[in-house]
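The values are calculated or read from the model by the stated rules, or taken from the named source; none is laboratory data. Nothing here was measured: the structure is a model prediction, and the numbers come from that model. Neighbour counts are summed over all protein chains in view; Cβ atoms, including those assigned to glycine, are modelled from backbone coordinates with ideal geometry. The area values use the complete protein model at the heavy-atom level, side chains included, leaving out ligands, DNA and RNA. Shrake-Rupley method; radii C 1.70, N 1.55, O 1.52, S 1.80 Å.
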Amino acid sequence: MMKSSSRPISVAVVGHTNAGKTSLLRTLSRDKNFGSVSGQRGNTKHVETTSVSIDGRPVLQLFDTPGFEDSIALQEYLRQFENLDSRRSSLTAFLGSPEAKGRFIQEAKILGALLGEIDAAFYVIDTTETPHTKFRSELDILASCAIPVMPVLNFTGHPDSRLGEWKNVLADRGLHVQVTFDVIAPLAGSERLLYEQLASLLGAHKTKLHNLVIALENESKARSHASLRSISDLLVDVAAYRTQVIENHDDEIVRKVSELQSTIRQREQRCADALLSIYRFDRKDLEVRDLPLLSKRIEDDLFNPEVLKQTAQRLGTGAAIGALVGLVADIGVAGISLGAGAVIGGAVGGMVVSSWKKSSRWIKGKINGYVDLTVDDATLLVLLGRQLQLLTSLQGRTHAANEMLVLDGNPALTKALEPVIKKTITARAHPDWSRLSDGFTDESDRVEVMETIADSIRELFV
Ligand SMILES: Nc1nc2c(ncn2[C@@H]2O[C@H](COP(=O)(O)OP(=O)(O)O)[C@@H](O)[C@H]2O)c(=O)[nH]1
Ligand SMILES: [Mg+2]
C-alpha cells in the first residue's frame, strides 16, 4: 500500500440513479466527455474512475458507480449476514454470495468499490425527490461500510428542490457535514466548499485538500488571464490591420473590403476557439448561430449593418479616433445608408463604395491616390462585446452542462466597453503589429499594449 501522502485521496461517488453522480464527476474533473449522462435509468453500468490533478499529478481519485436499484430488498437480504463481527465483514460476505452476481449485481459493484481502498464517499442526492424509505436503506448500507459519508445535495437550483427536508433527514442520521450543489447551475464557490467540507471529514488529508483549493483558484485566475490576453491579441491584430487600395479602382476596392471582412471573421473565430479551448470546451458546445463563420445568416454577421449602426450610435460621433479610423467607420456607415441589402454575405457592392468615396473621410484618408483601409471602432466594439459574452458564459459553465452554449450575436454593447477600445489607438499606428499583415513583428511594445488592453477589460469586471 502506498503512503497516504503520495497516493491520491480516493472518493467513491454513490447515490440513486439520475441523482447527478456522473455530472458531478464531469464538473469536478472538468472533463465533459467523462462517462455517459442522460435522463434514462441506469446509464452508468460499471465503476469508472477519473481524477482531479494539480500540475498533472492526481490529488483526488473519483469513482463513479452505478445507481442503487433496490436497496430495500438488499437490506432485507443482508440480514442473513448480520451475525458476523462487524457490519463491514457482513458486506464482504455478501459480496461472496451468489446474489452479488445475480439480482444485486449493481449494488455489489457499488459496495465492491466502497470496500476497496476508499477514503470517503460522496452520497449524491437529487433534492427534488421526496426523502422516502429507499434513501434510508441506502444510508444504512453506506453506514455499514464504515467510511466517512458526505451528502452532496444536488439539483438545489431546481424549483422543486426540497432542500430543507433533506437537510433535516440527513442531520437526523448524524450526517451534519453536507454540501449543496447544482452541477448545472453552480453557485460560485460551491466547489471550494465541497473540498473544505471533505477536509473536515478527512483530517489526514487536510493539507492536500487545502492545496487543491488553492491550485484550483490559481488555475481559474490563469484561465481568465489567458482569455483576456487572447481577446487583447485579437483587438490588436484587428486594430493594427490595414490594407491599401487605389482610389479609382472600384472593383478592387470592393474585393479588398470583402477580403478584409472575411479575414477579420476568421480572426474572430480563432479567438473564440482559443477561449473554448482554455475552458476545455470546443465548437461542438456552441450553438451555430453565435459565430459568423459557422453560420452564414446575415443577421449574425460581424458586419451586420444594423449592429454596426447601433454600435456607432452608442459610440457617438465624438468617439472617432483620427482620420484613419474614421475612414473605416464608413465601411459600416455606407452599408447602413443603403440598407441591409447592400451588404450581402459580407460583400460590399459598388454602390456602397461610390457613396462612401463621396464622404469627407475618404478624402482625408487619401494620399497620392492611395487609401488605407482599417477597421473602425464600432467593429472593434462588436468584436469585444461578443468575445466577452463568450468568456462570461464559459466562466459560468460546468462540464456537466447539457444545454448548448448560445451566443445571440447581439450582446449588450455598452458604453462601458469604450475605454477598452480607446486603448487600441497605439496599435492603429503599427500595421506590423497585426498577425493578419505580411510583415508581422511581435515587439515588446505590442505585448505591453496588449497587457494594457487586458487590464482595462479586467477593470470592467471588478
Ligand atoms: N438541473 C439539474 N440537472 C441535473 C443536475 N445534476 C444532474 N442533472 C441532470 O440529471 C440527469 C442525470 O444525471 P447523471 O449525472 O447522469 O446522473 P447519475 O445517474 O447519478 O450519474 C442528466 O440529464 C443531468 O444533466 C443538477 O444539479 N441540476
Ligand atoms: Mg451516471
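Annotations
- Test: residue in the range 273-285 that is surrounded by fewer than 15 Cβ atoms within 10 Å (Cβ to Cβ), out of contact with any Lys or Arg (no Cβ under 7 Å at 6 or more places or on another chain), outside any helix (DSSP H, G or I) and at pLDDT below 80: no
- When we screen Leu193, Leu170 for residues that are open to solvent by 70 Å² or more (accessible area, probe 1.4 Å), within 23 Å of Phe135 (Cβ to Cβ) and not assigned by TED's automatic domain parsing to the domain that holds Gln387, the only hit is Leu193.
- Restricting attention to the range 416-459 and to residues that are surrounded by 16 or more Cβ atoms within 10 Å (Cβ to Cβ), of a type in the set (S, T, N, Q) and in a loop (DSSP other than H, G, I, E, B), the residue that is modelled with the highest pLDDT turns out to be Ser434.
- Among the residues examined, Leu187 qualifies as within 16 Å of ligand 1 (Cβ to nearest atom) and open to solvent by 70 Å² or more (accessible area, probe 1.4 Å).
- Taken over the range 200-219, the criterion of being open to solvent by 40 Å² or more (accessible area, probe 1.4 Å) and either touching a residue at least 24 places away in the same chain (Cβ under 8 Å) or touching a Pro at 6+ places or on another chain (Cβ under 7 Å) (or both) is satisfied by Leu201, Ala204, Lys208, Asn211, Glu217.
- Residues within the range 10-37 that are open to solvent by 40 Å² or more (accessible area, probe 1.4 Å) and more than 9 Å from ligand 1 (Cβ to nearest atom), tallied: 3
- Meets criteria (within 29 Å of the chain's Cα centre (by Cα), assigned by TED's automatic domain parsing to the domain that holds Trp433 and at pLDDT 90 or above) for Val152: no
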